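This report refers to the structure that appears directly beneath it.
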Amino acid sequence: MNEKKLAFGYTVSKDRQIDFDEASLELYNKVCAAEPSIRLCISCGTCAATCSAAKFSDFSLRKLILQVRRGITKGLQAEVSKCMLCGKCQLACPRGVSTRALIMQINMNLQKTGK
Amino acid sequence: MTFDLFVIPFFGGLIFLLVVLFIKYSRWIALIDRSGRRKIGYGLFSLQIFPATWEVFLESLLHRRMWKQNKLLGYMHMSFAFGWLLLILLGNLESRIYSGGHLNPPYYPIFLKFFVHDKRVLPFELNTLPGFFRFIMDFVLLYILSGLVLAFFKRIHSRWFGMKNTSRHNRFDQWAITCLWLIFPLRLLAESLTASIYGGGGFLTNSVGDTLAMILPAAVTPGMAYVAWWAYSSALGIFFITLPWSRYMHIPTEVVMIYLKHFGVKSGKHLNSFSEIEMRACPKCGVCIDVCQMKDAGAVGSTPAYFVRSLRMKEGNSLLNNNCMLCGRCKEVCPVQIDLLDLRIASRNLENQSIDKPFSYLPADVPDSKGINVLYFAGCMGHLTPSVKKAMVSIMDAANVKYKFLDQDGSVCCGRPLMMAGMFEAARSLMEKNRQAIHASGARILVTSCPICYKIFNEEYKLFGVEVLHHSQYLLRLVEAGSLWINHSGLSVVYHDPCELGRGSEVYKEPRKLLKRVAKLIPIEQERENALCCGGSIGDLALNQDQRNIIRDAALDVLLEPKPDFLVTACPLCKKTFSSAGTAKVIDIAELVAQQLEKADNLIEETVEESIL
Amino acid sequence: MNKQVAIIGAGIAGLEAASILDSMGFKVTLVEKAEHTGGHIQNWHQLFPDRRNATEVAQGIISKPLANVSTEFNREVTSIQPFAEKFIISAKDGWVFNADAVLITTGFELFDAKRKEEYGYGIYDHVITSAELETLFKKENGVTLRIGRTPSRIGLVHCVGSRDEKIGNIFCSKVCCVTAVKQAIELKELYPECEIYCLYMDLRMSGRHYEELYKQAQEEYSIQFIRGRLSEAAEDKSGKIIVKVEDTLLGRPLKMTMDMLVLMTGMVASAQTASICSSAGIQKDSDGFFKASDPHLYGNITGIPGIFLAGTCSGPKTISDTLSDARSAALAVQSYLSAEANN
Ligand code: SF4
Ligand code: SF4
Ligand code: SF4
Ligand code: SF4
Ligand code: SF4
């Protein structure tokens, strides 16, 4: 494509940029269909603050949700596998996101696609 | 004359049924693992056969548990099962009077009145053997027909049976149920018409026959009678043929299941062929639908009757698997005693077992803490109810317990939520971590505030040498041993049984005993085994917040009905769930004890001072 | 004959409307559940965004002339019943009163922070609410911790009881963000050495001069803002508060030990709202506050002619918004009563 070659006088390193033109929201759409409450997240971080897994690792459910929303699936499976399913996040979330159901959906969808 | 063409539908159907049942059961039993098969082998020749047979009699025939749930429903099921059996047994005996005690072809007793017209005895002649049988056979038929009338009303007014919901039917069910409805009225018709022509009916068939004879022209009755016998036989035949694929497969399967259970065969954590048998033992009585709170949340499709059916039809899906709170209310009432929780977890396992969770990030070192007696584990949820933690710490301090707060700054999850989600391997890696920490402490007692943790510590951790207690049990023990002084608050309270502590672990007594020492405990309508779930359950993986709120509010309506000063619970999750409604003062049992402890403390100080003076 | 207006609640909205209706020549009766007039403002020290002395503002409202206004104290109104063009007002203590028009100015209640158990209010000594902090500012003109030491780190937690599905309040209370910034500044003035942190989800500096106050807090007072909602607080052996948040902008969990935690408690509908609504036949909105018949065109009018709303009883408002709302309500009452008189 021609537009791609357009130079704006600066370049963004490919790895840094979220290329929404290229991103596939397939995972998000699937997860969203099965667990619509993913749309309610406001990235407040309460889940990540209270998270049992985050005490021992760099896991952040808030980040995970954002990645799914932005179509970033690389490394997601390793990330989501860190969750212990303990449910603290679900009790704490101010938006009533069904976090555990969401995690299971992400889990299952990634499992299916083998990403 | 001991044969007529019309017996063929019945006889053919019966043979077909027996062959299909034989094939099906042999296949399932063959699929049971080696140890299960060995158990069956031993069981068949053990004394277990007697209690098992007794249970078959009580449950499959008399339907004792169903009676307990609902008298009308019990009567209805019993009239069919027990009545039919009596009809077969007694019919057999009766037929021997006429065949000189020889063994007859199986259809002979069933259609006896077609083949034998004994005009010698009168309808109410009870003092002769044939007369007695004639009376009793008609009586049993009437008994079954009364059940049929009830079944008819149940279809129209299921509420009379204490049931707000009954389950839907598939195509085989439709055929089978239509035939089942017809069998006994057709038998009545056939026997009555025959009696009106040849005589020899009992009190029922005779009088019905007489009435029919009055209405019908004499020329048509013989033809009609013959058609009725054909119809009766055909209804039986079609019922037998459709039975293995209809809900009525539960009739023979329940019997098989009861025997297998007595022999020690279980489904456990994985779907196996015993689960297949369990699935088919469900008569879709609908008792579970009524107690399952999922229907309040608009998810009737997730209730066990439907869930079990979709498993049986291989139509299960992840929503069905996940949408269950594992509260155990259904399992408690299921008259067939299907392990509905294990079935649900096992189907989740089938779906989720391949999800890999290595938890390799967990630290390798184990906290070292020698010289303590008691380990306290608040649990993940416990960190969101700091008043419970604080109460426990102050109580243990007051009682001079040498304890360690194992998860003071954050827990490794106990693994129960993963177990409930069917991810057993993942759960085990968490369990191993906690097990190491528990054993390294050298403690003899592990106390937890969370019933979810309590259940798995107790059942799956296999903590040899360590006694696992829920805090309600531990506090009661401290009080009874005289290590804690508490006084009565004068408050009136209602106690909510947390699912995992009550039905899940059968801890009902201790919390109540402890509570009675600090408050006035008001009994409520649905408690202990029948307690409601708070709606916060960690067992469910699909409910949304609104649905959970509906379940919570409905439960609160029941709990707050007697207007207690406090709603007491013994689970951080229940506490958070209930208090989120903002309509009740909710308190944990440990907090209540801690409050009364302070006062007791003052009391002791005062008395000490007094005695010094 | 002078028409009788009953105003339910003698907070600033009630007082402001009373003085205007009074000057219009109506007979006004203020019905107040407490022992004094003024409401919440009486407990406040300074007001945002200009840190105006709250007592002065309260005095400004209270001291307005109220010639034909009588006030009933200690009367908690539980029902308003329309009856033959009039309204029967009944209080908890059995007091009954008749009026030609009713203006509801029952205001708000502060969210009970104990309901947010994981934040430790009522459990840990050094967790207080924004209202308590204000009272401390006002009373002692200084905050001393119970342990007697000068605090070296204080955290202000936004959105306590607001924007929280888990306690059933999904709405934003509108005033607590700027209150937090104001209180942060006041704390810093009191303890110049102390580090002050605001823990927020969103900073809603929507009013005039709020953003300036925010900038001032950064520039002159070095207040730190952390974007992350508090999940839970714990207490250490020395009574300090340990908080857990995620620094969402950095994407890392953050643990912090504080000497004191201030919870910015939000507004909730006052307790009598439900019973007044059901007795009067007017509507309660999904957030629990009174519902106006048309929030755009007729914000002071309810579904029942003759019953009016003003102030925070119909949703969170600032003080200046409350006062303007009260004035517009007075006009609505007047146009209703004069139309009645002409009929
Ligand atoms: S707590 Fe809820 S709203 Fe906040 S980041 Fe997590 S999922 Fe999103
Ligand atoms: S359920 Fe998973 S994401 Fe949520 S708090 Fe527990 S470990 Fe963290
Ligand atoms: S699962 Fe049990 S209670 Fe439910 S319909 Fe089947 S037999 Fe009845
Ligand atoms: S365990 Fe509870 S929620 Fe699940 S099906 Fe049974 S009664 Fe319903
Ligand atoms: S004004 Fe700020 S602190 Fe108050 S509820 Fe709204 S966002 Fe939260």
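The values are calculated or read from the model by the stated rules, or taken from the named source; none is laboratory data. None of the values given here were measured: they were computed from a predicted structure. Note that we place each Cβ from the backbone using ideal geometry, even for glycine, and neighbour counts take in every protein chain shown.
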Practice problem: Would you point out the residue of the range B:405-427, among those that are of a type in the set (D, E, K, R) and surrounded by fewer than 19 Cβ atoms within 10 Å (Cβ to Cβ), that is farthest from the other protein chains (Cβ to nearest Cβ)? | Solution: B:Glu425
Quiz item: Can you tell me how many residues in the range B:492-527 are surrounded by fewer than 24 Cβ atoms within 10 Å (Cβ to Cβ), farther than 26 Å from B:Ala481 by Cα and either under 20 Å from the mean Cα position of the chain (by Cα) or outside the structural domain of B:Pro562 (by TED's automatic domain parsing) (or both)?
Solution: 5
Quiz item: Restricting attention to the range C:180-194, which residues are more than 8 Å from ligand 5 (Cβ to nearest atom) and in contact with a helix residue (DSSP H, G or I) (Cβ under 9 Å, 6 or more places away or on another chain)?
Solution: C:Val181, C:Lys182, C:Gln183, C:Ala184, C:Ile185, C:Glu186, C:Leu187, C:Lys188, C:Leu190, C:Cys194
Quiz prompt | Segments classed as helices (runs of 4 or more DSSP H), wholly inside the range B:295-370, with at least 3 members that are within 16 Å of ligand 1 (Cβ to nearest atom) and in contact with a strand residue (DSSP E or B) (Cβ under 6 Å, 6 or more places away or on another chain) | solution = none
Quiz item: Only one of (1) buried (at least 23 other Cβ atoms within 10 Å of the Cβ); (2) within 14 Å of another protein chain (Cβ to nearest Cβ) is not met by C:Leu309, so which one is it?
Solution: (2)
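Kindly indicate which of A:Ser57, A:Ser43 is assigned to a loop (DSSP other than H, G, I, E, B), surrounded by fewer than 24 Cβ atoms within 10 Å (Cβ to Cβ) and more than 14 Å from ligand 1 (Cβ to nearest atom). Please lay out each step first, then the result.
Numbers: A:Ser43 fails: more than 14 Å from ligand 1 (Cβ to nearest atom).
One residue alone meets the criteria, A:Ser57.
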Quiz item: For the range C:246-268, which residues satisfy the criterion of being of a type in the set (D, E, K, R) and either more than 14 Å from chain A (Cβ to nearest Cβ) or in a helix (DSSP H, G or I) (or both)?
Solution: C:Asp259
Quiz item: Do you know which of the residues in the range B:522-552 that are of a type in the set (Asp, Glu) and under 17 Å from B:Cys292 (Cβ atoms) is nearest to ligand 1 (Cβ to nearest atom)?
Solution: B:Asp540
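Residue-by-condition table, conditions (1) closer than 17 Å to B:Gln337 by Cβ; (2) within 16 Å of ligand 5 (Cβ to nearest atom); (3) under 13 Å from the mean Cα position of the chain (by Cα); (4) surrounded by fewer than 23 Cβ atoms within 10 Å (Cβ to Cβ):
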position: B:His262; (1), (2), (3), (4): yes, no, no, yes
position: B:Lys266; (1), (2), (3), (4): yes, no, no, yes
position: B:Glu278; (1), (2), (3), (4): yes, no, yes, no
position: B:Cys282; (1), (2), (3), (4): yes, no, yes, no
position: B:Cys285; (1), (2), (3), (4): yes, no, yes, no
position: B:Cys288; (1), (2), (3), (4): yes, no, yes, no
position: B:Val291; (1), (2), (3), (4): yes, no, yes, yes
position: B:Asp296; (1), (2), (3), (4): no, no, no, yes
position: B:Val300; (1), (2), (3), (4): no, no, no, yes
Quiz item: Any residue in the range C:224-245 that is over 30 Å from A:Cys51 (Cβ atoms), surrounded by 14 or more Cβ atoms within 10 Å (Cβ to Cβ), away from chain A (no Cβ under 14 Å) and modelled with pLDDT of 95 or more?
Solution: no
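Which one of these is in contact with a strand residue (DSSP E or B) (Cβ under 8 Å, 6 or more places away or on another chain) and either farther than 25 Å from C:Leu110 by Cβ or not in a strand (DSSP E or B) (or both): C:Gly239, C:Gly303? Steps first, please.
Values: C:Gly303 fails: in contact with a strand residue (DSSP E or B) (Cβ under 8 Å, 6 or more places away or on another chain).
Answer to the check: C:Gly239.
Can you name the helices (runs of 4 or more DSSP H) wholly within the range B:44-100 that have at least 2 residues being among the aliphatic types (A, V, I, L, M) and surrounded by 14 or more Cβ atoms within 10 Å (Cβ to Cβ)? Please lay out each step first, then the result.
Details: elements: B:49-55, B:64-69, B:71-99.
Passing ranges, in order: B:49-55, B:71-99.
Please specify each residue of the range B:561-586 satisfying the condition of being among the hydrophobic types (A, V, I, L, M, F, W, C) and closer than 18 Å to B:Arg548 by Cβ.
Restricting attention to the range B:561-586, the residues satisfying the condition of being among the hydrophobic types (A, V, I, L, M, F, W, C) are B:566-568, B:570-571, B:573-574, B:578, B:581, B:584, B:586.
Within the range B:561-586, B:Leu567, B:Cys571, B:Leu573, B:Cys574, B:Phe578, B:Ala581, B:Ala584, B:Val586 qualify.
The rows are residues; the columns are (1) aliphatic (A, V, I, L, M); (2) within 16 Å of ligand 3 (Cβ to nearest atom); (3) touching a residue at least 24 places away in the same chain (Cβ under 8 Å).
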position	(1), (2), (3)
A:Ser43	no, no, no
A:Phe56	no, no, no
A:Arg69	no, no, yes
A:Leu76	yes, no, yes
A:Met108	yes, no, no
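Out of the strands (runs of 3 or more DSSP E) lying entirely within the range C:28-104, which hold 2 or more residues that are more than 30 Å from C:Cys176 (Cβ to Cβ) and free of Cβ contacts under 8 Å to residues at least 40 places away in the same chain? Don't jump to the end; show me each part of the working.
Working: elements: C:69-72, C:77-83, C:86-91, C:96-99, C:101-104.
It comes to C:86-91.
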Exercise. Please specify each residue of the range B:280-322 satisfying the condition of being within 9 Å of ligand 3 (Cβ to nearest atom) and among the basic types (Lys, Arg).
Key: B:Lys284, B:Arg309
